[in-house]
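The values are calculated or read from the model by the stated rules, or taken from the named source; none is laboratory data. As the structure is a computational prediction, the values presented were derived from the model and not from experiment. Cβ coordinates were reconstructed from backbone atoms using ideal geometry, including for glycine residues, and neighbour counts include every protein chain displayed.
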Amino acid sequence: MRKARTGKLKLLCVVCHPADAIDGAGGTLCQHAARGDQVTVVVCTHGVDTHDLRRNDRVRFGGRGRVTDPVTARDRKEAEVVAGMKLLGVTDVRFLRFADELLTVSPKLIEALAAVMAEVQPHLMITHNPTENAGLADIGHADSAQAALKAQYLANTQRFLRRPPGRKFPAQIFFLTMNGQTTRLTAEGSRFGNVLIDISDVIERKVRALDCLASQYYPGLVARKVLEDVNGQMGLHWRLSYAESFQTYFPESYRYLPANPYLLEFAATSARERARRLRLIVPFIKPPTARTR
Ligand SMILES: [Zn+2]
């Protein structure tokens, strides 16, 4: 077996909508970027048709003035994401600009993703779970993931490779644990993430990044509520204040059983200490004082 590589990793995060990478993996991407890994985010759709909630309200309920034209709306959304990603330390964000009103797993989308993959040659790829909402009436997450999984094969072919890369890419694939929809169909899939990334140290940066997404009414309460509920819940039973959750696509291979430093440390920490470490973004209801605890 060739010696395992060490050093900087290349990460590619393929998502459907402009906000998805910040929402699902913003803290993880932030931490990888901070330690010097190369992080690239690819956004498949412009998100204007379904994820510009301000514009959607105007289309549905009327109001003064004209509906923002699609190009202006697209540019605003992209600027929001670029600003949010920058706060997380990620500057390589690419927009494929497919329409989100009806995204399908088309050859065009697969080829566009393959072109980026062949250029970046990521060691690790993050994307949605391709069975989200049973892979059926999905908002586009499943289609983007299915396209990304097909694109990984295409990217490794002669059509896309300019020179032999010396390895197949990506070596590992992680699915974002779905949290975008709550329907009968999402209940058919698994929301269990077998990899938790502790993002407690960068939760404030993630809140500030979501605050950039004005077209989805994130700034303020929504950003805080979402992160408290989603990332707080993901880490709750391991007393990680905030965690992002992923599912591994391939089986994890090791020579020995993987002893996990987080779990070993968790087992060696008292319940009192674990409870003491928990943090809240917005303590609307004040925690009891030390004396009454
Ligand atoms: Zn989405």
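Against the numbered list (1) under 24 Å from Thr177 (Cα atoms); (2) loosely packed, with under 14 Cβ neighbours inside 10 Å; (3) of a type outside the set (Lys, Arg), Pro107 comes up short only at (1).
Is one or more of the residues making up region 40-60 within 26 Å of Val116 (Cβ to Cβ), modelled with pLDDT of 95 or more and not in a strand (DSSP E or B)? No, region 40-60 contains no residue that is within 26 Å of Val116 (Cβ to Cβ), modelled with pLDDT of 95 or more and not in a strand (DSSP E or B). No other residue among Tyr217, Tyr254 is more than 25 Å from the chain's Cα centre (by Cα) and not basic (Lys, Arg) apart from Tyr254.
Just wondering, is there one or more residues in region 240-248 that are out of contact with any Cys (no Cβ under 9 Å at 6 or more places or on another chain), surrounded by fewer than 18 Cβ atoms within 10 Å (Cβ to Cβ), within 26 Å of Leu149 (Cα to Cα) and touching a residue at least 12 places away in the same chain (Cβ under 8 Å)? Yes, region 240-248 has at least one match.
One line per residue, one yes/no per condition, for (1) out of contact with any Asp or Glu (no Cβ under 9 Å at 6 or more places or on another chain); (2) under 20 Å from Asp211 (Cβ atoms):
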residue	(1), (2)
Ala19	no, yes
Ala25	no, yes
His32	yes, no
Ala79	yes, yes
Met85	no, yes
Arg97	no, no
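The residue of region 35-51 that is farthest from the ligand (Cβ to nearest atom), among those that are buried (at least 24 other Cβ atoms within 10 Å of the Cβ) and among the β-branched types (Val, Ile, Thr), is Val39.
Taking region 122-142 as the region of interest, how many residues are touching a Cys at 6+ places or on another chain (Cβ under 8 Å) and either away from the ligand (no atom under 12 Å from the Cβ) or within 20 Å of Val48 (Cβ to Cβ) (or both)?
So the count comes out to 6.
For Asp23, state whether it is farther than 21 Å from Ala115 by Cβ, among the acidic types (Asp, Glu) and either under 13 Å from the mean Cα position of the chain (by Cα) or more than 16 Å from the ligand (Cβ to nearest atom) (or both). Yes: the conditions hold for Asp23. Taking the numbered list (1) away from the ligand (no atom under 16 Å from the Cβ); (2) without any contact (Cβ under 8 Å) to a residue 60 or more places away in the chain; (3) buried (at least 23 other Cβ atoms within 10 Å of the Cβ) in turn, Arg159 passes all entries but (3).
Across region 121-146, the number of residues qualifying as hydroxyl-bearing (Ser, Thr, Tyr) and buried (at least 24 other Cβ atoms within 10 Å of the Cβ) comes to 2. Is one or more of the residues making up region 209-231 surrounded by 15 or more Cβ atoms within 10 Å (Cβ to Cβ), touching a Gly at 6+ places or on another chain (Cβ under 8 Å) and over 27 Å from Thr50 (Cα atoms)? No: region 209-231 contains no residue that is surrounded by 15 or more Cβ atoms within 10 Å (Cβ to Cβ), touching a Gly at 6+ places or on another chain (Cβ under 8 Å) and over 27 Å from Thr50 (Cα atoms). Selection of strands (runs of 3 or more DSSP E) fully inside region 99-214 by the criterion of at least 2 residues being touching a His at 6+ places or on another chain (Cβ under 8 Å) returns 172-176. Of the listed requirements (1) away from the ligand (no atom under 16 Å from the Cβ); (2) in a loop (DSSP other than H, G, I, E, B), His17 misses just one: (1). Could you please let me know if Arg94 is surrounded by fewer than 21 Cβ atoms within 10 Å (Cβ to Cβ), part of a strand (DSSP E or B) and in contact (Cβ under 8 Å) with a residue 12 or more places away in the chain? It is true that Arg94 is surrounded by fewer than 21 Cβ atoms within 10 Å (Cβ to Cβ), part of a strand (DSSP E or B) and in contact (Cβ under 8 Å) with a residue 12 or more places away in the chain.
Within region 52-91, restricting attention to residues that are closer than 27 Å to Arg35 by Cβ and touching a Lys or Arg at 6+ places or on another chain (Cβ under 7 Å), which residue is nearest to the ligand (Cβ to nearest atom)? Across region 52-91, the extreme among qualifying residues is Leu88.
Return yes or no: is Ala114 away from the ligand (no atom under 14 Å from the Cβ) and either of a type in the set (S, T, N, Q) or in contact (Cβ under 8 Å) with a residue 12 or more places away in the chain (or both)? Yes: the conditions hold for Ala114.
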